[in-house]
Amino acid sequence: MARPGHGGSHSSLKNDENEEGEDPLDALISRTGCMGQHRALQECMAQRQDWRHCQPQVRAFGECMAQRQRTP
């Protein structure tokens, strides 16, 4: 079953590096350094059930990811 806030399409992906069952999306986000913002967004979505009520978390996560893409 997909984790809250994640689409279900990636849950069937298998990764040889990922033998412990960690979510591949979480592993990718963890490498960016934006996991704190991602978790805050997931928690807001779990509580509010509507991304429109989580705009500060959406912006913080998006800004973190954008900064990581600009930084080599």
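The values are calculated or read from the model by the stated rules, or taken from the named source; none is laboratory data. From a predicted model like this one, the values you see are computed outputs, not experimental measurements. Neighbour counts run over all protein chains shown; Cβ positions are idealised from the backbone, glycine included. Surface areas here come from the heavy atoms of the whole protein model, side chains and all, with no ligands, DNA or RNA. Shrake-Rupley method; radii C 1.70, N 1.55, O 1.52, S 1.80 Å.
Set against the 2.2 N^0.38 Å expectation for a compact globular protein, the range 24-70 has a Cα radius of gyration ratio of 1.12.
Note on residue 28: accessible area is roughly 100 Å² with a 1.4 Å probe, heavy atoms of protein only. Using a simple spin-label model with pseudo-atoms 7 Å out from Cα toward Cβ, residue 69 and residue 23 lie 2.0 nm apart. Note on residue 46 and residue 59: the extension gain reaches 3.0 nm, defined as 0.36 nm multiplied by sequence separation minus the Cα-Cα distance.
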